[in-house]
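Report on one structure; see the data block that follows.
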Amino acid sequence: MLGSTSSAAMAALPALVRGLTTSSVAAAAVPAVASKSSGGLAAMLGFGSVRVDTPLSEPLPSATAPLKGTVPTVAPKLEKSSLDAGTKIAAIDTPSPVASLSLVFEAGTALESSAHLGASKVLEAMAFKATANRTTFRLTRELEKIGATGSVKAGRDYTAFTLTALRMHTPEAVEILLDAALNAKLSYWEVNEAVAAARAALAEAQKDPNSIIADVLHRAAFDGGLGQPVSLDPSLLDGFTNATLKEYVAAALQSSKAVLAGAGVGLDDFKELANPLVASSSGSGLKASSSYVGGSLNVFATSPLTHVALGFEAKGGLADPKAAAAAAVVKQLLDEGRAVLPFAHKESDVFKSAAAFSHMYKDTGIVGITATSAPAQAGALVDAVVKKVEAVAKGVPDAQLKVAKQLAVGAYKAQLASSAGLAGAMGPALLLTGKFDPADHVAKIESLTAADVTSFVSKALKSSPTYVTYGSMTSRVPRYEAVARKFA
């Protein structure tokens, strides 16, 4: 009996000791502040215990503090140079663990000739396919191996090849990006697949009123390349072949006229990696001129709503930093959806929805507002849109302007918050204007006065308005001449 009792007591002893002692992990982690217990049942039984006397609200006196974040004391700056092939290269060495690289060409729908209509959209669908050095399968697997994502974006006045990967994989990312952009194989079967994909994407875009209005707005506003649609009729791709795409690529993707931009990478390393991978080109690139003319177009479509867009020229475009800043603020002032603007009120309850737009290009642009209403209220809708523009032209209260500037700065900073956004903004800006200075752009926005905004809008209203409607033929909308007279 005595033996069995002793055995049970001994079996329960480890649990009792664990209950009387503090964590052994703490003792191992900070032995200098852990003191041995000098008494108690555990000591009597021969088991030592430890005790940490430092309160949880105070730092441990002997523990080494972990390193703080590696945020630089000085904000990273833009560094620029050129490759041997003539390609301009720029980088901002942000502390992000992600690097985003973008190779930007002066190519897009505005620079397509009649023989190459739709080539930009097909090129988007051909993103990161087979090259002279890699099959599509190998290229895809290499992207997967380093966890990278690649894409092509073709706008009106530029085309950008972008690749984003962890910073540690920058050497592989640079090599893959340049190979995919400059050495594309353009096999006929892959081009045929890309044409089918582009045709399907364009067919979907034709179902979106906002996409159609944006294209029609540019068609009415600009004479020249900028008037060409981004979402063109899918039937225009009938007969498009790999030979057509090769002609366009040979003319458009000129390395000597491109910009290679990187965020999350140092310029010296970036240049050293890219230099041997870019060969010089002898082509003159694509050329197309555009000018703002204004005008009106009406699109008849089966729609439960009537859409109206009214815009004016933003003279100077991106080449005029003050005009670009003013356009960003005016866009916020015209945005009916911004309920946070103080003293803002709806001029009319006719709006079903309303949104401002600002499309800025190298030396011109267009800024304005789109709105929708029921077809029976189409006339009132146009009047409400006109009043909205006139209200900004007459003057803006300081409190409302202050919030509009904050919104414009916030939207711009949000665009640059990621490595991909920073590289995506840096490349086109350097290509089109030769400059990229976010701090200067923010400063110009913040320095705008009510008089500056009024002056910008007054100059814009002196241009011929661009007036576009979309909806049922039953919609009774004012004629262009009647709208234009309101701003004469």
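Can you name every residue in region 207-239 that is in a helix (DSSP H, G or I) and of a type in the set (Gly, Ala, Ser)?
Answer for region 207-239, where residues must be in a helix (DSSP H, G or I) and of a type in the set (Gly, Ala, Ser): SER211, ALA214, ALA220, ALA221, GLY225, GLY227, SER235.
Among the residues of region 141-167, write down those that are assigned to a strand (DSSP E or B), crowded, with 21+ Cβ neighbours inside 10 Å and either in contact with a strand residue (DSSP E or B) (Cβ under 7 Å, 6 or more places away or on another chain) or of a type in the set (Lys, Arg) (or both).
THR159, ALA160, PHE161, THR162, LEU163, THR164, ALA165
For residues in region 349-389 being free of Cβ contacts under 8 Å to residues at least 24 places away in the same chain and in a strand (DSSP E or B), which is nearest to SER472 (Cα to Cα)?
Selected residue: SER353.
Cβ-Cβ below 7 Å, separation at least six or inter-chain, first residue in region 165-182 and at negative phi, second of a type in the set (Ser, Thr, Tyr) and assigned to a helix (DSSP H, G or I): which pairs?
These pairs meet every condition: LEU182/SER255.
Give the residue, chosen from ALA378, ALA425, ALA384, ALA404, that is surrounded by 18 or more Cβ atoms within 10 Å (Cβ to Cβ), among the aliphatic types (A, V, I, L, M), modelled with pLDDT of 95 or more and within 26 Å of ALA309 (Cβ to Cβ).
Going through ALA378, ALA425, ALA384, ALA404 in turn, just one is surrounded by 18 or more Cβ atoms within 10 Å (Cβ to Cβ), among the aliphatic types (A, V, I, L, M), modelled with pLDDT of 95 or more and within 26 Å of ALA309 (Cβ to Cβ): ALA425.
Here are some residues: ALA107, ALA90. Which one is closer than 17 Å to LEU416 by Cα and in contact with a Leu (Cβ under 9 Å, 6 or more places away or on another chain)? Can you show your working first?
On the way: ALA107 fails: closer than 17 Å to LEU416 by Cα.
That would be ALA90, the only listed residue that is closer than 17 Å to LEU416 by Cα and in contact with a Leu (Cβ under 9 Å, 6 or more places away or on another chain).
Kindly evaluate ALA274 against the criterion of being within 30 Å of LYS352 (Cα to Cα) and in contact (Cβ under 8 Å) with a residue 40 or more places away in the chain.
No, not satisfied.
Starting from residues that are modelled with pLDDT under 70 and under 25 Å from THR94 (Cα atoms), keep the ones in region 49-75 and report whichever is surrounded by the most Cβ atoms within 10 Å (Cβ to Cβ).
In this case the residue turns out to be PRO72.
Under the condition of being small (Gly, Ala, Ser) and under 15 Å from LYS88 (Cα atoms), which residue from region 428-453 is surrounded by the fewest Cβ atoms within 10 Å (Cβ to Cβ)?
Residues of region 428-453 that are small (Gly, Ala, Ser), as a first pass: 429, 434, 439, 443, 447, 450-451.
From the residues that got through so far, the ones that are under 15 Å from LYS88 (Cα atoms) too are 429, 434.
On the way: ALA429: 22, GLY434: 11.
Among them, the one singled out is GLY434.
May I ask you to list the residues in region 168-189 that are within 13 Å of LYS129 (Cα to Cα) and open to solvent by 20 Å² or more (accessible area, probe 1.4 Å)? Let's see the steps before the verdict.
Looking only at region 168-189, we keep the residues that are within 13 Å of LYS129 (Cα to Cα), and these are 176-189.
Result: LEU182, ASN183, ALA184, LYS185, TYR188, TRP189.
Taking into account only those residues within region 88-113 that are of a type in the set (Ser, Thr, Tyr) and within 30 Å of PHE222 (Cα to Cα), which is most open to solvent (accessible area, probe 1.4 Å)?
Within region 88-113, the subset of a type in the set (Ser, Thr, Tyr) is 94, 96, 100, 102, 109, 113.
Still in the list and also within 30 Å of PHE222 (Cα to Cα): 102, 109, 113.
Values: SER102: 1, THR109: 3, SER113: 49 Å².
Residue satisfying both the conditions and the ranking: SER113.
For region 102-135, give me each residue that is among the β-branched types (Val, Ile, Thr) and touching an Asp or Glu at 6+ places or on another chain (Cβ under 7 Å).
THR131, the sole residue that qualifies.
Do you know which of the residues in region 209-241 that are in contact (Cβ under 8 Å) with a residue 12 or more places away in the chain and among the charged types (D, E, K, R) is farthest from SER303 (Cα to Cα)?
ASP223
For residues that are under 21 Å from ALA384 (Cβ atoms) and within 29 Å of the chain's Cα centre (by Cα), scanning just region 455-488, find the one that is surrounded by the most Cβ atoms within 10 Å (Cβ to Cβ).
Taking the candidates together, the pick is TYR467.
Taking region 407-422 as the region of interest, how many residues are assigned to a helix (DSSP H, G or I), free of Cβ contacts under 8 Å to residues at least 24 places away in the same chain and either surrounded by 21 or more Cβ atoms within 10 Å (Cβ to Cβ) or among the aliphatic types (A, V, I, L, M) (or both)?
Here the count works out to 1.
Select, from ALA309, ALA263, ALA258, the only residue that is more than 28 Å from SER114 (Cα to Cα), surrounded by 18 or more Cβ atoms within 10 Å (Cβ to Cβ), in contact with a Ser or Thr (Cβ under 9 Å, 6 or more places away or on another chain) and among the aliphatic types (A, V, I, L, M).
Values: ALA309 fails: more than 28 Å from SER114 (Cα to Cα); ALA258 fails: more than 28 Å from SER114 (Cα to Cα).
Selected residue: ALA263, the only one of ALA309, ALA263, ALA258 that is more than 28 Å from SER114 (Cα to Cα), surrounded by 18 or more Cβ atoms within 10 Å (Cβ to Cβ), in contact with a Ser or Thr (Cβ under 9 Å, 6 or more places away or on another chain) and among the aliphatic types (A, V, I, L, M).
The values are calculated or read from the model by the stated rules, or taken from the named source; none is laboratory data. This is a predicted model, so every value here is computed, not measured. Positions of Cβ are backbone-derived with ideal geometry, glycine not excepted, and every protein chain shown enters the neighbour counts. Keep in mind that these areas ignore ligands, DNA and RNA; they rest on the heavy atoms of the full protein, side chains included. Shrake-Rupley method; radii C 1.70, N 1.55, O 1.52, S 1.80 Å.
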